[in-house]
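Down below is the structure, laid out as structure tokens.
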Amino acid sequence: MKKNINFACPKCKIILFSEMKKWYYCLDCNEKYPVKENIPILIFDYAEPLLKEDIIECNQSWKQSTE
């Protein structure tokens, strides 16, 4: 039985959102953390700014998953 694991943002401790398991997104800090070889890299130095395109992609994926 596979369980979902929730990860928290290393800065603000909010639960991170993940779509497609490429990135983990923090909507409070407006940053994203990469996933390398199925391992989330939740280190400040690896964080990248959350872009408008990222939010659009997440919204589209979420809509598809709820249909």
Amide H neighbours of ALA8 at under 5 Å, excluding residues fewer than 5 places away on the same chain, with H built from the backbone geometry, are LEU16
State whether the stretch 17-66 is rounded, prolate or oblate according to the following rule on the C-alpha gyration tensor (a ≥ b ≥ c being the square roots of its eigenvalues): a/c under 1.5 gives rounded; otherwise a/b larger than b/c gives prolate, and the remaining case gives oblate. oblate
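No lab work stands behind these numbers, since they all come straight from the coordinates. Bear in mind that the values here come from a model prediction, so they are computed numbers and not experimental data.
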